[in-house]
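Here the structure is laid out as structure tokens; the discussion comes afterwards.
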Amino acid sequence: MSFRVVEIYNDPEPVTVVLWVSRHKPLPVQIQRLKEKLGNIRIIQVDGTVPNAETVVEIAQKHNAKIIVPVLPLSFIARLVELSKRYGFTVLYAKMEAIATVGTWEEAKRIIEEAPDRRTATTYADGTIKIHEFKGFEVIKAVQIVTEPW
């Protein structure tokens, strides 16, 4: 297991603990949206590779987290949603819209600097850089894969 658990935000007298499962810290606007909905919050980040959804649940229970925001493989998220029904936490999806694809970090920085509180960049294996903008949180109620014969 190669992950660490760190506190990254803490209001005075926090009421709700949010478990942020991502190698990226939340954007300022994401923290603000959580505060608007939940009041005073404490954000605990799980940074790194977790072996399974059950480990995330154990960490959530240890820190008394009622909200989990995962950036994980779909299979992990599906299992977290299943477990949320048993353990009484809410799984949120941070909806990010891809607004640009660029070839250099200079281009990416220019676009991010237009709205740094809600934009971030991701580098892909082919060298492209995508700029994403936060659009809001949504509760994940179910994860379903629909297939057809090929």
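The values are calculated or read from the model by the stated rules, or taken from the named source; none is laboratory data. What you see is a predicted model; the values in this text were computed from it and never measured. Cβ coordinates were reconstructed from backbone atoms using ideal geometry, including for glycine residues, and neighbour counts include every protein chain displayed.
Residue count for segment 36-54 satisfying the condition of being of a type outside the set (A, V, I, L, M, F, W, C) and surrounded by 15 or more Cβ atoms within 10 Å (Cβ to Cβ): 3.
Scanning segment 7-34 for residues that are exposed (fewer than 15 other Cβ atoms within 10 Å of the Cβ) and assigned to a helix (DSSP H, G or I) turns up PRO28, GLN32.
Yes/no per residue for (1) of a type in the set (D, E, K, R); (2) at pLDDT 95 or above:
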{"site": "ILE43", "(1), (2)": "no, yes"}
{"site": "VAL56", "(1), (2)": "no, yes"}
{"site": "ARG79", "(1), (2)": "yes, yes"}
{"site": "VAL91", "(1), (2)": "no, yes"}
{"site": "THR122", "(1), (2)": "no, no"}
{"site": "ALA125", "(1), (2)": "no, no"}
{"site": "VAL139", "(1), (2)": "no, yes"}
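Can you work out which of the residues in segment 126-144 that are of a type in the set (A, V, I, L, M) and closer than 15 Å to THR104 by Cα is farthest from the chain's Cα centre (by Cα)? Checking each candidate, the answer is ILE129.
Taken over segment 11-49, residues that are among the polar types (S, T, N, Q) and over 10 Å from the mean Cα position of the chain (by Cα) amount to 4. Counting only strands (runs of 3 or more DSSP E) that sit completely within segment 36-150, those holding 3 or more residues that are touching a residue at least 60 places away in the same chain (Cβ under 8 Å) correspond to 129-139.
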